[in-house]
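Colleague: Can you keep this structure in mind? I'll have questions shortly.
The values are calculated or read from the model by the stated rules, or taken from the named source; none is laboratory data. Bear in mind that the values here come from a model prediction, so they are computed numbers and not experimental data. As a convention, Cβ positions derive from the backbone with ideal geometry for all residues, glycine included, and neighbour counts pool all protein chains shown. Side chains included, ligands, DNA and RNA excluded: accessible areas come from the protein's heavy atoms. Shrake-Rupley method; radii C 1.70, N 1.55, O 1.52, S 1.80 Å.
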Amino acid sequence: MSAVPLPGAAPAAAPFPSPPQAAPPVPAVFGLRLATGLAGVLLAVLVSGLNENITKVALADIRGAMGIARDDASWLVALYAAASVSAMAFAPWCSVTFSLRRLTATAILVCMAAGLLCPFAPNLSVLILLRVVQGAAGGALPPMLMTVALRFLPPNIKLYGLGGYALSATFGPSLGTPLAAFWTEYLGWQWAFWQVIPGSIIALLMVSWGLPQDPLRLERLRQFDWRGLLLGLPAISMLVVGMLQGERLAWFASPLICVLLGGGLLLLVLFFTNEWSHPLPFFKLQLQLLSRRNLSHALLTLGGVLFVLLAVILIPSSYLAQVHAYRPLQTAPVMLMVALPQLIALPLVAALCNIRAVDCRWVLAIGLALLALSCVLGARMSPDWIRTHFYLLQAVQIFAQPMAVIPLLLLATTGLAPQDGPFASAWFNTIKGMSAVVATGVLDALITRRNHFHSTVLSERLGNLPTAVDMAGLGPGLSACMHAQVVTLTSSDLYLTVAATALAMIVIIPILPTRVYPPRAA
């Protein structure tokens, strides 16, 4: 029986309205339809990732066809990456507000339309605008894949879905060079942009039919974090552009880089300060999420793993191009040696981690150790190495790469509450995007420094030869020999640096993460 208020009593105070929470999961039974939707999101993510990698590899052909200078073309890469990483940060919030299926389908459509229009851009400014739009659309897709896997997959097979997400870190980057070689050599440079269209059409149909439609939650817009958007968007963009343009503009000798990195860091601090107190933030900073040791370890280790994965792709392709003048088509077999077996290795590693008796921490340790072994073997390289010498290194990485990625996904996502899923996706994907950018900047800086060091040392040794050798007539041959030696020594140094990074990540495994078990149905 309800209580009746006494005459003259003051009315009860209305409860303080709580902020709107994340949308509850749509009750759906996993079957053919949901599996089709998940496969569509995975295809869209792979197509988007290939689009970014292919255009990087084919940039020289694109520049030549469109008459773009090298320095101007660097802005195409930097601004695309800035838009992509920024979208990774804000897409999870938008997926809850506007629905997962609507946001995913819209991102696929925009990415496809921008790719279609890029070859017809009348000038560089229009091309940059199209690439920024495409980067934002492509960057919104990886968080959707993680969200779909966490939300809809049954516990017993959830790890396999996360293994599909891992393809974006292992399969996609290695496949970029072979596909870029195929498009530019046989079909024309325009296909470096148009290759997104067939896969996007298929992905759009699969997503539209397979994913359930959530209701719009436009009431969340009443508490939209405008201050967070106005602080976070320029912060991330400035940091990304500063890292990617830093080496070209001599880092802190350039006022522009100082403004980009310094201003970006300041805005990022203000952004996180705002997120801490906002009732409906883009990033959840409260301790109940970030105090999870496994999530913190996964975010910390993710940056190092991506640095290693990026380096083991860059080093052989750069060496073969500079020393032996390999075009992407000739380098393609080295990349395919790792890329294609991932379709088998990833499910096998996921099955291994899905065994309750297996501690995924030690799977991670073995994967990092194998990556370090591959790099130590590569450090023995000489200027005589050609494509076939890298096959053994690549073979070691076939299982090493998924063993270094899938355990991180298991550690990061196990035990998360449903309402924390979008926040974890925002953290994981933003760290993933930023780590790739930082890794690129660090590798560029290391390559330049070691090139200068070895060039100086070899020049001094040559100048101090006791015999007075007449260099006339030997100049071109001697210069080519020195260049090959410098590139080889620099590549060897990079391999050793990457091996040390992988070993350092093994050291913290017994300290920070705790044992987790694969998810199981109740």
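Colleague: Going by what's in this entry, would Pro255 be described as in contact with a Pro (Cβ under 8 Å, 6 or more places away or on another chain) and either free of Cβ contacts under 8 Å to residues at least 40 places away in the same chain or open to solvent by 10 Å² or more (accessible area, probe 1.4 Å) (or both)? Step through it out loud before you land on a result.
Modeller: Values: in contact with a Pro (Cβ under 8 Å, 6 or more places away or on another chain): no; either free of Cβ contacts under 8 Å to residues at least 40 places away in the same chain or open to solvent by 10 Å² or more (accessible area, probe 1.4 Å) (or both): yes.
No, not satisfied.
Colleague: Report, ordered by the first and then the second residue, all pairs with beta carbons closer than 8 Å, sequence separation of six or more or different chains, a first member in the stretch 484-502 that is farther than 20 Å from Leu458 by Cα, and a second member that is of a type outside the set (A, V, I, L, M, F, W, C) and open to solvent by 10 Å² or more (accessible area, probe 1.4 Å).
Modeller: From the stretch 484-502, the pairs are Thr501/Gly304; Ala502/Gly304.
Colleague: Which residue is nearest to Ala203 (Cα to Cα), if the candidates are limited to the stretch 74-121 and must be polar (S, T, N, Q) and part of a helix (DSSP H, G or I)?
Modeller: Of the residues in the stretch 74-121, the ones polar (S, T, N, Q) are 74, 84, 86, 95, 97, 99, 104, 106.
Of the ones still in play, those that are also part of a helix (DSSP H, G or I) are 74, 84, 86, 95, 97, 104, 106.
Values: Ser74: 30, Ser84: 19, Ser86: 23, Ser95: 18, Thr97: 22, Thr104: 10, Thr106: 12 Å.
Checking each candidate, the answer is Thr104.
Colleague: Separate question: Quick one: how many residues across the stretch 382-393 are of a type in the set (A, V, I, L, M, F, W, C), open to solvent by less than 70 Å² (accessible area, probe 1.4 Å) and either without any contact (Cβ under 8 Å) to a residue 40 or more places away in the chain or within 30 Å of Leu162 (Cβ to Cβ) (or both)?
Modeller: Final tally of qualifying residues: 2.
Colleague: Considering Val29, Val4, which residue is under 30 Å from Leu150 (Cβ atoms), open to solvent by 60 Å² or more (accessible area, probe 1.4 Å) and modelled with pLDDT under 85? Even if it seems obvious, please write down each step before you answer.
Modeller: On the way: Val4 fails: under 30 Å from Leu150 (Cβ atoms).
One residue alone meets the criteria, Val29.
Colleague: While we're here: For the condition modelled with pLDDT of 90 or more and part of a helix (DSSP H, G or I), what is the one hit in Ala436, Ala480, Ala502? Step through it out loud before you land on a result.
Modeller: Values: Ala436 fails: modelled with pLDDT of 90 or more; Ala480 fails: modelled with pLDDT of 90 or more.
Answer to the selection: Ala502.
Colleague: Now a separate question. From the list Leu265, Leu309, Leu249, pick out the single residue that is open to solvent by 20 Å² or more (accessible area, probe 1.4 Å), among the hydrophobic types (A, V, I, L, M, F, W, C) and under 21 Å from Ile431 (Cβ atoms). Let's see the steps before the verdict.
Modeller: Values: Leu309 fails: open to solvent by 20 Å² or more (accessible area, probe 1.4 Å); Leu249 fails: under 21 Å from Ile431 (Cβ atoms).
The unique qualifying residue is Leu265.
Colleague: Ile344 - would you say it is over 30 Å from Ala480 (Cα atoms), without any contact (Cβ under 8 Å) to a residue 24 or more places away in the chain and open to solvent by 30 Å² or more (accessible area, probe 1.4 Å)? Give the derivation first.
Modeller: On the way: over 30 Å from Ala480 (Cα atoms): yes; without any contact (Cβ under 8 Å) to a residue 24 or more places away in the chain: yes; open to solvent by 30 Å² or more (accessible area, probe 1.4 Å): yes.
So Ile344 passes the test.
Colleague: Looking at Phe390, Phe399 in this structure, which one is among the aromatic types (Phe, Trp, Tyr) and closer than 23 Å to Thr490 by Cβ?
Modeller: Values: Phe399 fails: closer than 23 Å to Thr490 by Cβ.
On inspection, the qualifying residue turns out to be Phe390.
Colleague: Residues in the stretch 228-246 that are within 20 Å of Val438 (Cβ to Cβ) and open to solvent by 50 Å² or more (accessible area, probe 1.4 Å): how many? First the steps, then the outcome.
Modeller: The initial filter retains those residues of the stretch 228-246 that are within 20 Å of Val438 (Cβ to Cβ), namely 232-246.
Checking which are open to solvent by 50 Å² or more (accessible area, probe 1.4 Å) leaves us with 233.
Qualifying residue count, the stretch 228-246: 1.
Colleague: The conditions are (1) open to solvent by 30 Å² or more (accessible area, probe 1.4 Å); (2) assigned to a helix (DSSP H, G or I), and Tyr326 fails exactly one of them. Which is it?
Modeller: (2)
Colleague: Now a separate question. May I ask you to list pairs of residues, at least six apart or on different chains, whose Cβ atoms are under 7 Å apart, with the first in the stretch 409-429 being within 13 Å of Pro513 (Cβ to Cβ) and surrounded by fewer than 24 Cβ atoms within 10 Å (Cβ to Cβ) and the second being β-branched (Val, Ile, Thr) and at pLDDT 75 or above?
Modeller: Thr414/Val516
Colleague: Moving on to the next point. If a residue must be part of a loop (DSSP other than H, G, I, E, B), surrounded by fewer than 18 Cβ atoms within 10 Å (Cβ to Cβ) and in contact (Cβ under 8 Å) with a residue 40 or more places away in the chain, how many such residues does the stretch 122-170 contain?
Modeller: Pass one, the stretch 122-170, residues part of a loop (DSSP other than H, G, I, E, B): 122-123, 140, 153-154.
Right, trim to surrounded by fewer than 18 Cβ atoms within 10 Å (Cβ to Cβ) and you get 122-123, 154.
Adding the requirement that they be in contact (Cβ under 8 Å) with a residue 40 or more places away in the chain leaves 154.
Residues flagged as part of a loop (DSSP other than H, G, I, E, B), surrounded by fewer than 18 Cβ atoms within 10 Å (Cβ to Cβ) and in contact (Cβ under 8 Å) with a residue 40 or more places away in the chain within the stretch 122-170 amount to 1.
Colleague: Which condition breaks for Leu300 when tested against (1) open to solvent by 10 Å² or more (accessible area, probe 1.4 Å); (2) not in a helix (DSSP H, G or I)?
Modeller: (2)
Colleague: Also, I was wondering about something else. Of all residues in the stretch 202-216, how many are of a type outside the set (S, T, N, Q) and either open to solvent by 50 Å² or more (accessible area, probe 1.4 Å) or at pLDDT below 90 (or both)? Write out each step before concluding.
Modeller: Residues of the stretch 202-216 of a type outside the set (S, T, N, Q): 202-207, 209-212, 214-216.
Among the residues that remain, those that are also either open to solvent by 50 Å² or more (accessible area, probe 1.4 Å) or at pLDDT below 90 (or both) are: 202, 205, 209, 214-216.
Total meeting the criteria: 6.
Colleague: So how many residues does the stretch 106-121 have that are within 21 Å of the chain's Cα centre (by Cα), among the hydrophobic types (A, V, I, L, M, F, W, C) and open to solvent by less than 20 Å² (accessible area, probe 1.4 Å)?
Modeller: Count: 4.
Colleague: Look at the stretch 394-408 and say how many of its residues are within 30 Å of Phe423 (Cβ to Cβ) and open to solvent by 10 Å² or more (accessible area, probe 1.4 Å). Can you show your working first?
Modeller: Restricting attention to the stretch 394-408, the residues satisfying the condition of being within 30 Å of Phe423 (Cβ to Cβ) are 401-408.
Next, from what is left, pick out any that are open to solvent by 10 Å² or more (accessible area, probe 1.4 Å): 403, 405.
The total comes to 2.
Colleague: For the stretch 364-381, check the following and say yes or no: at least one residue is more than 20 Å from Ala321 (Cβ to Cβ), of a type in the set (Gly, Ala, Ser) and open to solvent by 40 Å² or more (accessible area, probe 1.4 Å).
Modeller: yes
Colleague: Could you go through the stretch 74-96 and let me know if any residue there is farther than 18 Å from Ile197 by Cα and without any contact (Cβ under 8 Å) to a residue 40 or more places away in the chain.
Modeller: The answer is no, given that none of the residues of the stretch 74-96 is farther than 18 Å from Ile197 by Cα and without any contact (Cβ under 8 Å) to a residue 40 or more places away in the chain.
Colleague: Based on what the data block shows, is Tyr319 more than 26 Å from Ile509 (Cα to Cα) and either buried (at least 23 other Cβ atoms within 10 Å of the Cβ) or touching a Cys at 6+ places or on another chain (Cβ under 9 Å) (or both)? Write out each step before concluding.
Modeller: Details: more than 26 Å from Ile509 (Cα to Cα): yes; either buried (at least 23 other Cβ atoms within 10 Å of the Cβ) or touching a Cys at 6+ places or on another chain (Cβ under 9 Å) (or both): yes.
Against the criterion (more than 26 Å from Ile509 (Cα to Cα) and either buried (at least 23 other Cβ atoms within 10 Å of the Cβ) or touching a Cys at 6+ places or on another chain (Cβ under 9 Å) (or both)), Tyr319 qualifies.
Colleague: Identify the residue in the stretch 171-201 that is open to solvent by less than 20 Å² (accessible area, probe 1.4 Å) and among the hydroxyl-bearing types (Ser, Thr, Tyr) and, among all such residues, is nearest to the chain's Cα centre (by Cα).
Modeller: Among those that are open to solvent by less than 20 Å² (accessible area, probe 1.4 Å) and among the hydroxyl-bearing types (Ser, Thr, Tyr), it is Ser174.
Colleague: Any residue in the stretch 9-25 that is crowded, with 18+ Cβ neighbours inside 10 Å and at pLDDT below 55?
Modeller: yes
Colleague: Residues of the stretch 511-521 being touching a residue at least 60 places away in the same chain (Cβ under 8 Å) and loosely packed, with under 15 Cβ neighbours inside 10 Å, which ones? Break it down into steps so the answer makes sense when it comes.
Modeller: From the stretch 511-521, those touching a residue at least 60 places away in the same chain (Cβ under 8 Å) are 512-521; that's our starting set.
Scanning the stretch 511-521 gives Thr514, Arg515, Arg520, Ala521.
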